[in-house]
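The values are calculated or read from the model by the stated rules, or taken from the named source; none is laboratory data. Fair warning: this is a prediction, and the values are worked out from it, not measured in the lab. In this analysis, Cβ positions are derived from the backbone assuming ideal geometry, glycine residues included, and neighbour counts consider all displayed protein chains. Note: accessible area is taken over every heavy atom of the protein model, side chains too, but ligands, DNA and RNA are not part of it. Shrake-Rupley method; radii C 1.70, N 1.55, O 1.52, S 1.80 Å.
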Amino acid sequence: MNRPMTLRIAQISDTHLTRKPSMFQYNWEIVVEAIRSWAPDLVVCTGDIAMDGPNTPDDLVYAREQFNRLGAEVWTVPGNHDIGDVHVGHDRVADHFINQYAEIFGPDFWVRERKGWIMIGLNAQLAGSGLAGEGAQLEMLREALSVARGRPVAVFNHKALHLGEPEADDPPGWTIPLAQRSALRNLLLEGNVRLYASGHFHRYREMDDSGMRLLWAPSPAFITNHPKFERRGGLVKSGFARLELGPDGSVTAAFADDNAMVQFDIQNALNDGGARRKHWNQRLAFQVTRVDA
Ligand SMILES: [Fe+2]
Ligand SMILES: [Fe+2]
């Protein structure tokens, strides 16, 4: 039922789009169709928008073009595949990558308002980077939470806050680094943050952290059903998330795929000690041969 006061959001994540021939286009077409027919108030993409933004900026341009097909306003935050990361194994996050992203998608962190909700987009890649944006983002967050004055707040960020244990030192690169996490988490819990929505894991998972809903949106592009990632839990399936945010601060979330998506599992690329993993993103993009080529 479409209640007029309820804010309906399609949360997409980890679309890994590229203009090059890509297997990931298949499920993307299903996302476009599903979102157009659901007609949400808003679409939010929690990063890894592009296949390889730092090295192929056209991936970001192409993703923007694709997002224009969704028939709704799309808000975004960047992921490691868009602007790099503090963790080794990716291009180091840098201001010129952030600027490249911002020229296409706008500011990398933001505060907006919809139907009584304060919506905050964060750039997860800044945490631990030492870049000027890291302090500026925290300042923005503090200010936004202090003026929220009882209104419910939703935060969107590429990386999860944690894997289920707020104090645990999770494997590097996957969650907000422990050194930055407790300050961020305390701020969120002191504010009226009802939802912390992230991506990055290519899994759907919901958790409660002291009254704050933690939600991992799945990826329509691919899954990683590898035993070494079992600890992450959740549903390992391609899709997106449907969110309904009530005027009372209630959060309803659901996994969505309409059972139409194909499951592209990249665990083979992770099975050989990393040799194939190098540049896996470029390689995967070319695994589908176009019949019209
Ligand atoms: Fe991703
Ligand atoms: Fe990611």
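In a strand (DSSP E or B), touching a residue at least 12 places away in the same chain (Cβ under 8 Å) and either within 16 Å of ligand 1 (Cβ to nearest atom) or in contact with a Phe, Trp or Tyr (Cβ under 9 Å, 6 or more places away or on another chain) (or both): is that true of LEU188 in this structure? So LEU188 fails the test. Yes or no: region 112-127 includes at least one residue that is surrounded by fewer than 19 Cβ atoms within 10 Å (Cβ to Cβ) and within 18 Å of the chain's Cα centre (by Cα). Yes; the residues of region 112-127 include at least one that is surrounded by fewer than 19 Cβ atoms within 10 Å (Cβ to Cβ) and within 18 Å of the chain's Cα centre (by Cα).
Hey, any hits in region 219-241 for a residue that's in a helix (DSSP H, G or I) and within 16 Å of ligand 2 (Cβ to nearest atom)? Steps first, please.
Applying the first criterion (in a helix (DSSP H, G or I)) to region 219-241 yields 227-232.
Narrowing further to those that are within 16 Å of ligand 2 (Cβ to nearest atom): 229, 232.
Within region 219-241, one or more residues are in a helix (DSSP H, G or I) and within 16 Å of ligand 2 (Cβ to nearest atom).
Here MET23 meets each of (1) within 16 Å of ligand 1 (Cβ to nearest atom); (2) hydrophobic (A, V, I, L, M, F, W, C); (3) within 18 Å of the chain's Cα centre (by Cα) with one exception, condition (3). Checked against (1) open to solvent by 10 Å² or more (accessible area, probe 1.4 Å); (2) of a type in the set (A, V, I, L, M); (3) within 12 Å of ligand 1 (Cβ to nearest atom), ALA50 passes all but condition (1).
Name the residues in region 147-177 that are in a helix (DSSP H, G or I) and touching a Gly at 6+ places or on another chain (Cβ under 8 Å), would you? Steps first, answer last, please.
Of all residues in region 147-177, those in a helix (DSSP H, G or I) come to 147.
Once the filter is applied, which keeps residues that are in a helix (DSSP H, G or I) and touching a Gly at 6+ places or on another chain (Cβ under 8 Å), region 147-177 yields nothing.
Count of region 191-214 residues, restricted to those that are within 16 Å of ligand 1 (Cβ to nearest atom) and among the basic types (Lys, Arg), is 2.
For region 192-203, filtered to residues that are modelled with pLDDT of 95 or more and away from ligand 2 (no atom under 15 Å from the Cβ), the residue that is nearest to ALA168 (Cα to Cα) is TYR196. Contact map, region 79-90: first residue farther than 16 Å from TYR62 by Cα, second residue near ligand 1 (Cβ under 10 Å from one of its atoms) and assigned to a helix (DSSP H, G or I), Cβ cut-off under 6 Å, separation 6 or more or different chains; pairs are HIS90/ASN80.
Output the residues belonging to region 49-89 that are touching a strand residue (DSSP E or B) at 6+ places or on another chain (Cβ under 7 Å) and either more than 15 Å from ligand 2 (Cβ to nearest atom) or among the acidic types (Asp, Glu) (or both). Those that are touching a strand residue (DSSP E or B) at 6+ places or on another chain (Cβ under 7 Å) and either more than 15 Å from ligand 2 (Cβ to nearest atom) or among the acidic types (Asp, Glu) (or both): ASP59, TYR62, GLN66, PHE67, LEU70, ALA72, GLU73, VAL74, TRP75, ASP82. Number of residues in region 216-255 that are at pLDDT 95 or above, in contact with a helix residue (DSSP H, G or I) (Cβ under 8 Å, 6 or more places away or on another chain) and more than 24 Å from ARG151 (Cα to Cα): the value is 4. Exactly one residue out of GLY128, GLY133 is under 26 Å from MET207 (Cβ atoms) and out of contact with any Cys (no Cβ under 6 Å at 6 or more places or on another chain): that is GLY128. Taking the criterion of being surrounded by 18 or more Cβ atoms within 10 Å (Cβ to Cβ) and of a type in the set (Gly, Ala, Ser), the residues of region 183-223 that qualify are GLY191, ALA197, SER198, GLY199, ALA217, SER219, ALA221.
Conditions (1) closer than 28 Å to ALA221 by Cα; (2) modelled with pLDDT under 95; (3) open to solvent by 20 Å² or more (accessible area, probe 1.4 Å), marked per residue:
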| site | (1), (2), (3) |
| --- | --- |
| ALA72 | yes, no, yes |
| ILE83 | yes, no, no |
| ASP95 | yes, no, yes |
| GLU103 | yes, no, yes |
| PHE109 | yes, no, yes |
| ALA132 | no, no, yes |
| LEU145 | no, no, yes |
| ASP170 | yes, yes, no |
| ALA179 | no, yes, yes |
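Under the condition of being touching a helix residue (DSSP H, G or I) at 6+ places or on another chain (Cβ under 9 Å) and more than 16 Å from ligand 1 (Cβ to nearest atom), which residue from region 1-20 is most open to solvent (accessible area, probe 1.4 Å)? Once the filter is applied, the top-ranked residue is ARG19.
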